[in-house]
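The values are calculated or read from the model by the stated rules, or taken from the named source; none is laboratory data. Everything quoted here is computed from the prediction, not taken from an experiment. Because the Cβ atoms are built from the backbone with ideal geometry, glycine has one as well, and the counts that use them run over all protein chains shown. For the accessible areas, the whole protein counts, side chains as well, though only heavy atoms, and no ligand, DNA or RNA atoms are used. Shrake-Rupley method; radii C 1.70, N 1.55, O 1.52, S 1.80 Å.
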Amino acid sequence: VKNVLIIGGAGTGKTALTRDLARRYSTSYSLEYLPDFLKERLVEEQELDIKDFHEIGIGQYEHNRYHIHSPGTRKVFFADTDVMMTKLFAQSHLDEEDFNQLVPVFDFYISLQTWALIIVLPPTEEDSSYERMLDELSRQQLTHSVVTLEGLNYQEIYEAAHQLVDALLADGRDN
């Protein structure tokens, strides 16, 4: 199975692209774990603390892992977020001391993830988190798998992503 991660800021179309590509390839996909966590715990985003982010990071890893290994996954799997993105989200919500306590945990779970392709959807307007995301991709030594799809409308992004996935599947390389 080839694992494809689709990442970008809010409103970039990553969830729609994840769903549409999964439908196109008749396979499974996973979405962000955070909304499920908030709903189950009956908490708001601004109430999250270090323990919550620890659980969310591991939960995102397990959520993706569950879907990767589901019977519905065929040849390719799509995710619209991962532990790395959870790490960046935690960084923007926790104080430096709490965040630094979680870095080893996040980095451990990031190292367990394997992505054959990482599709990056840049923000439509200035977004400082985009630069942090690119820096983290570099820090995690994942840039070799990254393709940025920018300056395109949704249909063009979908077509470009579709071509990338077709090439990935034709290539036959493993994660």
Based on this model, can you work out whether Ser111 counts as open to solvent by 70 Å² or more (accessible area, probe 1.4 Å), in a helix (DSSP H, G or I) and hydroxyl-bearing (Ser, Thr, Tyr)? yes
If we ask which residues in the stretch 86-108 are in contact with a helix residue (DSSP H, G or I) (Cβ under 8 Å, 6 or more places away or on another chain) and not in a helix (DSSP H, G or I), their number turns out to be 1
Gln141: passes all of (1) under 16 Å from Gln91 (Cβ atoms); (2) at pLDDT 95 or above but (1)
Restricting attention to the stretch 150-173, the residues that are touching a strand residue (DSSP E or B) at 6+ places or on another chain (Cβ under 6 Å) and in a loop (DSSP other than H, G, I, E, B) number exactly 0
Taking the conditions exactly as written (among the charged types (D, E, K, R), in contact with a Phe, Trp or Tyr (Cβ under 7 Å, 6 or more places away or on another chain) and open to solvent by 20 Å² or more (accessible area, probe 1.4 Å)), does Asp20 satisfy them or not? yes
By my count, helices (runs of 4 or more DSSP H) wholly in the stretch 1-85 with at least 3 residues that are modelled with pLDDT of 95 or more and under 30 Å from Asp95 (Cβ atoms) are 34-41, 50-68
Within the stretch 114-148, restricting to residues that are assigned to a helix (DSSP H, G or I) and acidic (Asp, Glu), the one that is surrounded by the most Cβ atoms within 10 Å (Cβ to Cβ) is Glu136
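This table checks each residue for (1) without any contact (Cβ under 8 Å) to a residue 60 or more places away in the chain; (2) closer than 18 Å to Lys87 by Cβ.
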site: Leu5; (1), (2): no, yes
site: Leu17; (1), (2): no, no
site: Arg23; (1), (2): yes, no
site: Arg41; (1), (2): yes, no
site: Glu47; (1), (2): yes, no
site: Glu55; (1), (2): yes, yes
Taking the stretch 149-174 and keeping only residues that are open to solvent by less than 80 Å² (accessible area, probe 1.4 Å), within 25 Å of Leu88 (Cα to Cα) and small (Gly, Ala, Ser), one is left with Ala161
Check: Do we find a residue being hydroxyl-bearing (Ser, Thr, Tyr), at pLDDT 95 or above and open to solvent by 40 Å² or more (accessible area, probe 1.4 Å) anywhere in the stretch 89-103?
Finding: no
